[in-house]
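Since the structure comes first, as structure tokens, the remarks are kept for the end.
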Amino acid sequence: VQLQASGGGLVQAGGSLRLSCAASGRTFSSYAMGWFRQAPGKEREFVAAIRSGGSTYYRDSVKGRFTISRDNAKNTVYLQMNSLKPEDTAVYCCAASLRVIVSMIRLPSMYDYWGQGTLVTVSS
């Protein structure tokens, strides 16, 4: 499967952005999808994930501000980001996996396919 992320940009603190990740292939609905981010000089970190059945997972620092969703008819996963903070600044990447091990859903190693990143910059 090929993934194409989009929707990044420059936004002021408190603002909102919606990221999209479009996937190729006919079995998109079977994949668990994740969003990860990497800030300059920092390691890649988990942001959110959604399983094929709709269960969602978030890192603590984005709970209540970010929402992950999917539209299987459009082969697309979204990340709605509200109340953005400067510390949310990073390159955001989407990832996909057919294998789902719940204990590993926050780990990059669970995901087999990665899209290119989209840059989100939050100014203070």
(message) If I measure Cβ to Cβ between cysteines in the chain, which ones have no partner under 4.7 Å?
(response) Cys93
(request) Please report, in Å, the Rg and the Dmax of the chain, where both are computed over Cα atoms only. (result) 13.4, 42
(request) Place +1 on the Cβ of every Lys and Arg and -1 on the Cβ of every Asp and Glu in the chain, take the dipole about the Cα centre, and give the residue among Thr27, Val1, Val11 whose Cα lies farthest towards its positive end. (result) Thr27
(request) Could you work out which residue, out of Ser109, Ser69, Ser30, moves most in a Gaussian network model of the chain, that is, has the largest mean-square fluctuation with Cα springs under 10 Å? (result) Ser109
(message) Show me, for the range 31-40, the HN-Hα J-couplings you get by feeding each phi into the Karplus relation (A = 6.51, B = -1.76, C = 1.60, θ = phi - 60°), rounded to Hz, glycine and proline as x.
(response) 8, 7, 10, x, 10, 10, 9, 9, 8, x
(message) Run the simple label-point estimate for Arg44 and Arg26 please: 7 Å along Cα→C-beta, distance reported in nm.
(response) 2.9
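Across the range 6-62, how large is the tail of the calculated P(r) beyond 14 Å, expressed as a percent of all Cα pairs?
Every Cα pair in the range 6-62 considered, those over 14 Å come to 68 percent.
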(request) Give the accessible area for Lys63 in Å² (nearest 10); use a 1.4 Å probe, count only protein heavy atoms, and leave out ligands, DNA and RNA. (result) 110
(request) Give me the distance in nm between label points sitting 7 Å out from Cα along the Cα-to-Cβ direction at Ser103 and Arg18, one decimal. (result) 3.7
(request) Would you kindly state how much longer the chain becomes between Lys85 and Arg59 on full extension, computed as 0.36 nm times their sequence separation minus their alpha carbon distance, in nm to one decimal? (result) 7.9 nm
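The values are calculated or read from the model by the stated rules, or taken from the named source; none is laboratory data. Model, not experiment: these values are computed from the prediction. All Cβ positions, even for glycine, are placed from backbone atoms using ideal geometry, and neighbour counts span all protein chains on display. Heavy atoms of the whole protein, side chains included, go into the accessibility calculation; ligands, DNA and RNA do not. Shrake-Rupley method; radii C 1.70, N 1.55, O 1.52, S 1.80 Å.
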